[in-house]
Amino acid sequence: MKHDNWRKYDIVADFTDEDVRQLISLVEPFVNQREIQFDDDNIEVIKMTFLRDDFPIMELDFDDLTGFLIANDEIIAHPELPGITFARWED
């Protein structure tokens with residue numbers, strides 16, 4: 001899989017349950033792996049990483065309430081997600 005036209009975006013959101021559901025729905029068609037990291041007590045999810053062929057497409061960090069999305073034009077073309085903004089990193 002080529003990644004030439006993929007760009008990195010910060011995800012600006014409150015990380016509510018609905019925000020997370022919408023973000024997962026956005027990348028789900030492009031993902032074939034998920035990594036979930038739990039806290040020390042194995043109770044709360046602290047980080048989720050979504051990958052395609054070992055290439056990270058999205059990461060959500062629930063400790064820091066930060067995230068990033070690495071997207072191509074196909075993914076980012078329809079991100080009308082209420083309460084979520086994508087801030088593109090400069091090349």
To test your reading of the geometry: what angle, between 0 and 90 degrees and rounded to tens, separates the Cα axis of helix 17-27 from the longest principal axis of the chain? 40
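If the only charges are +1 at each Lys and Arg Cβ and -1 at each Asp and Glu Cβ, what is the size of the charge dipole of the chain around the Cα centre, to the nearest 20 debye?
460
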With every protein chain left in place, what is the accessible area per residue of the chain in square angstrom, probe 1.4 Å? 65
Taking Cα pairs under 8 Å and at least six residues apart, what relative contact order does the chain come out at, in percent? 40
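The values are calculated or read from the model by the stated rules, or taken from the named source; none is laboratory data. Just so it is clear, the model here is predicted, and its values are computed rather than measured. Using ideal geometry, Cβ is built from the backbone for each residue, glycine included, and neighbour counts are taken over all protein chains shown. Just the protein is used for accessible areas: all its heavy atoms, side chains included, with ligands, DNA and RNA removed. Shrake-Rupley method; radii C 1.70, N 1.55, O 1.52, S 1.80 Å.
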